[in-house]
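Beneath this line is the structure, given in structure tokens, with notes to follow.
The values are calculated or read from the model by the stated rules, or taken from the named source; none is laboratory data. Small disclaimer: the values here were computed from a predicted structure and weren't measured. All Cβ positions, glycine included, derive from the backbone under ideal geometry; neighbour counts span all protein chains shown. Note: accessible area is taken over every heavy atom of the protein model, side chains too, but ligands, DNA and RNA are not part of it. Shrake-Rupley method; radii C 1.70, N 1.55, O 1.52, S 1.80 Å.
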Amino acid sequence: MAEVLVVVEATREFGVKKVTLELLTLARELGTPSAVVLGGPGAAAQLAEKLGEYGAQKIYAAESEEIDGYLVAPKAAVLADLVRRVQPAAVLLASSQEGKEIAGRLAVKLDNGILTDVSELAADGTATQVVFAGSVIVKAKVTRGLPLVTLRPNSVTPAPAPATATVEQVEVQVADSDKLVRVVERVAEQKSARPELTEASVVVSGGRGVGSAENFALVEELADLLGGAVGASRAAVDSGFYPHQFQVGQTGKTVAPQLYIALGISGAIQHRAGMQTSKTIVAVNKDSEAPIFELADFGVVGDLFKVVPQAIEEIRKRK
Amino acid sequence: MNIVVLVKQVPDSGAERNLRTDDNTVDRASADNVINEMDEYAIEEALQIKERLGGEVTILTMGPQRATESIRKALSMGPDKAVHVLDDALHGTCAVATSKVLAAALRTLDPDLVLCGAESTDGRGQIMPHMLAERLGIAALTGARKLTIDGDQLTVERQTEEGYEVVTAAKPAVVSVWDTINEPRYPSFKNIMAAKKKPVQTLTLADLGIAADEVGFAGATSVVLEHSKRPARSAGRKVTDEGSGGQQLVEFLAAEKFV
Ligand SMILES: Cc1cc2nc3c(=O)[nH]c(=O)nc-3n(C[C@H](O)[C@H](O)[C@H](O)COP(=O)(O)OP(=O)(O)OC[C@H]3O[C@@H](n4cnc5c(N)ncnc54)[C@H](O)[C@@H]3O)c2cc1C
Ligand SMILES: Nc1ncnc2c1ncn2[C@@H]1O[C@H](COP(=O)(O)O)[C@@H](O)[C@H]1O
């Protein structure tokens, strides 16, 4: 079976991202998964075990200071060379900012079609995308070149399929024309060990109804009890209650967790755009007419400052 | 500084949007069409740079005839002129071919700086800036929440999943922006009137040296096979808190095996 290239995403702290495990699981349906690590020296060695555990037969290790030191272009260049050499059946990336950017450049380099934000990919290359705030389902296909697809996190359940991955070192030579954007500084802001918003299986979000930045501690407390990530509506972000990278919605992150809890969020169409495909939705809002209740599997009409502390106490009791 | 701002007309994300039943393209005819929201932030950034450093701000749009409404609206914020790539053969163009057309138009404008939105609310690709940079052989600094310019050097602070990065490049470059970068101005009455007289140049594919079969359905690198309405979620149980709302909530979570 032909190789399927999976571009690996990892964090320094937590290693291989869950979405990469989803990609490997998906790749096994399409061919033989090969993981591609694009990173600094020594990056692949730390990730190899986990990648093998999820079925990577081969790991292409493209490691160089320059890959880390310059934005996106070197990664796309290395990947394009690899695709030309290996002639894979498909190239799969995460639908993260960087995943999409690498894929976009690859599409131009190879004059190849590209499909982003895909939630399902069939063996014949037919991709499913949910668009327009979760209201329309699209089936699409790349018609020029190979399936080049970025997968929306939480689309596939990662399943282990242990393999012993052989590591192949890929020679990296970055042309000056790919070294135009230098990374001067990387600053980590993740304050806690909370799961990443797009990958979390539980997300607890707060809206304008939370009232203040201090009050978000309540949202965080519930999220932590459930092992979840914290999200926020745009109104909450605009009011300075919570940082922008946690915004859920049309102009923020799209999340599809098992459980989404909306606290003090009205449920505007642009907010729904980012959470509509969650498996189970729970809402607490004092306005019984709030549109969020139209899509909530369970809703509590009430003051979140009464309901949430009681819920927290109840969960503690049961633990 | 010669600045070009990419502006895309999109169906209003606050209203119902759909694809056309005949050819699976975005239904623009029956939609309320607006400037892609992020692009307004790109326009604002361009105007602020012009106010500091001088130069000219040009709007560039590829889109159907009705996109002129959005172009006039963009001009009413203050840019100097606009270029509209308009050609019937463009209907059905994929993202890859769109980048080819926009890159060709940009070559004719020879900008120092290209500003655009970080993503469009209809396509949500986040891919255009890098595709353009790839074609033009220039730098792409994407997802900016802050842009500083020092001579030829551009420095961008960009949000990442884990925090933020500071990246830097020399002009010319493409910079895409998020809505955290500034607060777009409202068009003044004076500028609304002035916008009506500002030059809007129309470019066809022939003007750009692109053949009709490189774009549209003929040149598309991907195809939408079909689309369907996703069944709306139905409301579940709703309880009113009369002292035990929190407990009821946890009972639901427990029944669903979340606690
Ligand atoms: C182009 C565009 C893009 C956008 N993108 C996004 C996006 O990405 N994400 C996003 O979220 N929004 C987005 N919006 C904004 C969106 O339209 C709404 O304005 C926003 O989602 C509202 O946030 P909210 O629900 O927190 O605030 P509100 O609409 O003000 O709702 C607050 C809710 O809290 C309830 N409440 C108040 N106090 C309490 C209490 N003590 N207990 C319980 N409930 C309480 C109220 O009843 C109310 O329903 C976008 C808008 C546009 C035009
Ligand atoms: N047809 C177009 N005309 C002008 N600008 C565009 C067009 N398509 C995309 N853009 C620009 O590219 C940005 C990112 O778009 P996207 O890659 O579709 O998310 C948008 O915010 C626009 O600034």
Identify all residues within region A:14-35 that are open to solvent by 10 Å² or more (accessible area, probe 1.4 Å) and more than 16 Å from the chain's Cα centre (by Cα); write none if there are none. A:R28, A:E29, A:L30, A:T32
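Would you confirm, using the coordinates I've provided, whether B:V200 is away from ligand 1 (no atom under 16 Å from the Cβ), among the hydrophobic types (A, V, I, L, M, F, W, C) and touching a Lys or Arg at 6+ places or on another chain (Cβ under 8 Å)?
Judged against the criteria, B:V200 is a match.
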Lone qualifier among A:N154, A:N112 - being on the phi > 0 side of the Ramachandran plot and open to solvent by less than 60 Å² (accessible area, probe 1.4 Å): A:N154
Only one residue in A:A175, A:A200, A:A213 is open to solvent by 40 Å² or more (accessible area, probe 1.4 Å) and either within 30 Å of B:K171 (Cβ to Cβ) or within 18 Å of the chain's Cα centre (by Cα) (or both). Which one? A:A175
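Condition check ((1) without any contact (Cβ under 8 Å) to a residue 60 or more places away in the chain; (2) closer than 23 Å to B:A133 by Cα; (3) within 14 Å of another protein chain (Cβ to nearest Cβ)) across all residues:
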site: A:V8; (1), (2), (3): yes, no, no
site: A:G15; (1), (2), (3): yes, no, yes
site: A:T20; (1), (2), (3): no, no, yes
site: A:L26; (1), (2), (3): no, no, no
site: A:E29; (1), (2), (3): no, no, no
site: A:A56; (1), (2), (3): no, no, no
site: A:L106; (1), (2), (3): yes, yes, yes
Looking only at region B:1-15, filter to residues that are modelled with pLDDT of 90 or more and within 13 Å of another protein chain (Cβ to nearest Cβ); which one of those is most open to solvent (accessible area, probe 1.4 Å)? B:D12
Of the residues in region B:143-160, how many are in contact with a strand residue (DSSP E or B) (Cβ under 8 Å, 6 or more places away or on another chain) and either among the small types (G, A, S) or within 16 Å of ligand 1 (Cβ to nearest atom) (or both)? 4
Restricting region B:101-142 to residues that are over 16 Å from the mean Cα position of the chain (by Cα) and in a loop (DSSP other than H, G, I, E, B), the one nearest to ligand 1 (Cβ to nearest atom) turns out to be B:P111
Qualifying residue in region A:224-247 (condition: within 8 Å of ligand 1 (Cβ to nearest atom), polar (S, T, N, Q) and in a strand (DSSP E or B)): yes
Flag for B:N182 being within 16 Å of ligand 1 (Cβ to nearest atom) and either loosely packed, with under 15 Cβ neighbours inside 10 Å or in contact (Cβ under 8 Å) with a residue 40 or more places away in the chain (or both): yes
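Select from region B:16-39 the residues that are in contact with a helix residue (DSSP H, G or I) (Cβ under 8 Å, 6 or more places away or on another chain) and either within 12 Å of another protein chain (Cβ to nearest Cβ) or within 13 Å of ligand 2 (Cβ to nearest atom) (or both) and list them in ascending order. If you could, list the steps in order and put the result at the bottom.
Keep residues of region B:16-39 that are in contact with a helix residue (DSSP H, G or I) (Cβ under 8 Å, 6 or more places away or on another chain), which gives B:23, B:33-35, B:39.
Hits for region B:16-39 are B:N33, B:V34, B:I35, B:D39.
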Between A:A193, A:A161, which is closer than 24 Å to A:A56 by Cα and either acidic (D, E) or part of a loop (DSSP other than H, G, I, E, B) (or both)? A:A161
So B:V5 clears everything in (1) away from ligand 2 (no atom under 15 Å from the Cβ); (2) in a strand (DSSP E or B); (3) of a type in the set (A, V, I, L, M, F, W, C) except one condition, right? Which one? (1)
Any residue at all in region A:122-130 that is within 11 Å of chain B (Cβ to nearest Cβ) and either at positive phi or touching a residue at least 40 places away in the same chain (Cβ under 8 Å) (or both)? yes
Looking at A:G267, is it surrounded by 24 or more Cβ atoms within 10 Å (Cβ to Cβ) and either more than 16 Å from ligand 2 (Cβ to nearest atom) or closer than 20 Å to A:A213 by Cα (or both)? no
Exactly one condition in (1) surrounded by fewer than 21 Cβ atoms within 10 Å (Cβ to Cβ); (2) more than 8 Å from every other protein chain (Cβ to nearest Cβ); (3) at negative phi is not met by B:R135; state its number. (2)
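Matching residues to (1) at the interface with another protein chain (Cβ under 9 Å from one of its Cβ atoms); (2) under 25 Å from A:L21 (Cβ atoms):
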position: A:F132; (1), (2): yes, no
position: A:A140; (1), (2): yes, yes
position: A:P160; (1), (2): no, yes
position: A:A163; (1), (2): no, yes
position: A:E168; (1), (2): no, yes
position: A:V174; (1), (2): no, no
Looking at this structure, is B:T98 within 16 Å of the chain's Cα centre (by Cα) and away from chain A (no Cβ under 14 Å)? no
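Step by step: first the residues of region A:235-244, then only those that are open to solvent by 10 Å² or more (accessible area, probe 1.4 Å) and more than 11 Å from chain B (Cβ to nearest Cβ), then the one that is nearest to A:A133 (Cα to Cα). Which residue is that?
Of everything passing the filter in region A:235-244, A:A235 is nearest to A:A133 (Cα to Cα).
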Determine the pairs where a residue that is touching a residue at least 60 places away in the same chain (Cβ under 8 Å) and facing another protein chain (nearest Cβ under 10 Å), located within region A:245-257, has a partner that is open to solvent by 10 Å² or more (accessible area, probe 1.4 Å) and within 11 Å of ligand 1 (Cβ to nearest atom) with Cβ atoms under 6 Å apart, the partner being 6 or more residues away or on another chain. A:Q250/A:Q270; A:Q250/A:A273; A:Q250/B:S13; A:Q250/B:T121
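In region B:143-259, which helices (runs of 4 or more DSSP H) lie fully inside it and hold 1 or more residues that are touching a helix residue (DSSP H, G or I) at 6+ places or on another chain (Cβ under 7 Å) and more than 9 Å from chain A (Cβ to nearest Cβ)?
Of the helices (runs of 4 or more DSSP H) lying wholly inside region B:143-259, those with at least 1 residues that are touching a helix residue (DSSP H, G or I) at 6+ places or on another chain (Cβ under 7 Å) and more than 9 Å from chain A (Cβ to nearest Cβ) span B:189-195, B:205-208, B:216-219.
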Which one of these does A:V136 not meet: (1) farther than 18 Å from B:A97 by Cβ; (2) surrounded by fewer than 21 Cβ atoms within 10 Å (Cβ to Cβ); (3) at pLDDT 95 or above? (3)
